[in-house]
Amino acid sequence: MDKTFQCLLVSSNETGGYDTTISTKQVIDLPARDVLIRVHYSSLNYKDALSASGNKGVTRSYPHTPGIDAAGVVEASHSAHWQPGDEVIVTGFDLGMNTSGGFAQYIRVPANWIVRRPESLTLRESMIYGTAGFTAGLSVAALLKNGLTPDHGTVLVTGATGGVGSVAVGILHRLGFAVIAVSGKATAHDFLTSLGATDIIPRSDMDDTSGKALLKSRFAGAIDTVGGNVLATVIKSTEYGGTVTCCGNVNGGDLPLSVFPFILRGVQLVGIDSVQFPIDQRAAVWERLANDWKPAALELMTYEIGLAALPEAIQTILKGQMQGRTLVRID
Ligand code: NDP
């Protein structure tokens, strides 16, 4: 098949920087994998912005098309599992990292990266969630697995206006939790309240520099999306027996902490990875995102753009200024 298609292409330039353009590729140039998918929607995640700006930890070689998320319709398949016409979701694994990604009209991926669209979730909604929403779902699942219920007290979400954070606030609110949102954006009060946050605290309040091993315990559990000293402060402030999840590092990759929150308060820290999360467990998470976890405010947290607006949106997310989820329509 020598069909051409539109995509976002990131290339290195002579000054050592990276240029992002809308370009044309050929379907035959996609990796020789099982299933060709016509992409209808993708979404912008922080990792896409790293790939689009030449971060070699995410993408080794350029020119490259980022996009760790894609939702669309199977067009051709060498796998008995997937037939033309199937509506499917792909997130994580190597998509958009070193495999041509979802910021394109077509992707070709291994059969075992693919999840069927749940009946009560549209392709569009699946990409409002995208990897960020799926990660928020995994984080909520970890709190629930450790027995957290709304009766235990308030749950904290850091990086609350970001992609993972805003979906996490929405899901927790839907499940009846009182949610405290931590945000660095002074203007985000109305947005966070509309997602269901009961209280909002500035990021500077969760950036303890006292050097104390433990702080006053204030939260029954927490979903941290930023890492670094903010995560350390959250763990030091978690109540006896509470669970804290950790998925991101925008505040830093180090965790300046002692063992005392763990050995004196029994706090549990749970790492969340959406990339290699087993394929046979993914459909169950998507079912919950499609049904009993779906935030009432899903549309409110959505900013919809086309491929042409991606370069600007990538700069916004790199500066930590994005609010909610950026849905990318692939016409
Ligand atoms: P976003 O950029 O959408 O959100 C991150 C939010 O963090 C920002 O909106 C901002 O929220 C806050 N923030 C930004 N800069 C800083 C800073 N220097 N210190 C503290 N807080 C900051 O990203 P995502 O939600 O898509 O991803 C969040 C993190 O999770 C990233 O590190 C990402 O790589 C990681 N991630 C990990 C996954 C996994 O599988 N482990 C999957 C998906 C994401 P506010 O202004 O409200 O504070």
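Evaluated against (1) crowded, with 19+ Cβ neighbours inside 10 Å; (2) more than 19 Å from ILE200 (Cα to Cα); (3) of a type in the set (S, T, N, Q); (4) near the ligand (Cβ under 10 Å from one of its atoms), GLN276 falls short on exactly one condition, (1). Got at least one residue in the range 244-256 being buried (at least 17 other Cβ atoms within 10 Å of the Cβ), in a strand (DSSP E or B) and more than 16 Å from the ligand (Cβ to nearest atom)? No, that holds for no residue. Can you tell me which residue within the range 194-208, out of those that are in a strand (DSSP E or B) and among the β-branched types (Val, Ile, Thr), is most open to solvent (accessible area, probe 1.4 Å)? Top of the filtered list is ILE200.
Checked against the criterion of being within 9 Å of the ligand (Cβ to nearest atom), closer than 21 Å to PRO261 by Cβ, in contact (Cβ under 8 Å) with a residue 24 or more places away in the chain and open to solvent by less than 50 Å² (accessible area, probe 1.4 Å), the range 170-180 contains not a single residue that satisfies it.
LEU123 meets the stated requirement of being surrounded by 17 or more Cβ atoms within 10 Å (Cβ to Cβ), within 18 Å of ASN291 (Cβ to Cβ) and touching a residue at least 60 places away in the same chain (Cβ under 8 Å).
In the range 317-331, which residues are modelled with pLDDT of 95 or more and over 15 Å from the mean Cα position of the chain (by Cα)? Once the filter is applied, which keeps residues that are modelled with pLDDT of 95 or more and over 15 Å from the mean Cα position of the chain (by Cα), the range 317-331 yields ARG329, ILE330.
Which numbered condition trips up SER204, out of (1) touching a helix residue (DSSP H, G or I) at 6+ places or on another chain (Cβ under 8 Å); (2) under 20 Å from ASN249 (Cβ atoms)? The failed condition is (1). Can you confirm whether the range 209-231 contains a residue that is aliphatic (A, V, I, L, M), part of a helix (DSSP H, G or I) and touching a residue at least 60 places away in the same chain (Cβ under 8 Å)? Looking for residues that are aliphatic (A, V, I, L, M), part of a helix (DSSP H, G or I) and touching a residue at least 60 places away in the same chain (Cβ under 8 Å), one finds at least one in the range 209-231, hence yes. It is to be established whether one or more residues within the range 314-328 are more than 10 Å from the ligand (Cβ to nearest atom) and part of a strand (DSSP E or B). For the range 314-328, residues more than 10 Å from the ligand (Cβ to nearest atom) and part of a strand (DSSP E or B): present.
Residue-level check: of (1) assigned to a loop (DSSP other than H, G, I, E, B); (2) crowded, with 19+ Cβ neighbours inside 10 Å, GLY54 misses just (2). Scanning the range 1-36 for residues that are assigned to a loop (DSSP other than H, G, I, E, B), farther than 19 Å from GLY54 by Cβ, at pLDDT below 95 and of a type outside the set (A, V, I, L, M, F, W, C) yields ASP2, LYS3. Test of understanding: among PHE191, PHE134, which residue is open to solvent by 10 Å² or more (accessible area, probe 1.4 Å) and within 12 Å of the ligand (Cβ to nearest atom)? Result of the check over PHE191, PHE134: PHE191.
The values are calculated or read from the model by the stated rules, or taken from the named source; none is laboratory data. Predicted, not measured: the structure shown is a model, and the values here were computed from it. Heads up, the Cβs are rebuilt from the backbone with ideal geometry, glycines too, and the neighbour counts pull from every protein chain shown. The area values use the complete protein model at the heavy-atom level, side chains included, leaving out ligands, DNA and RNA. Shrake-Rupley method; radii C 1.70, N 1.55, O 1.52, S 1.80 Å.
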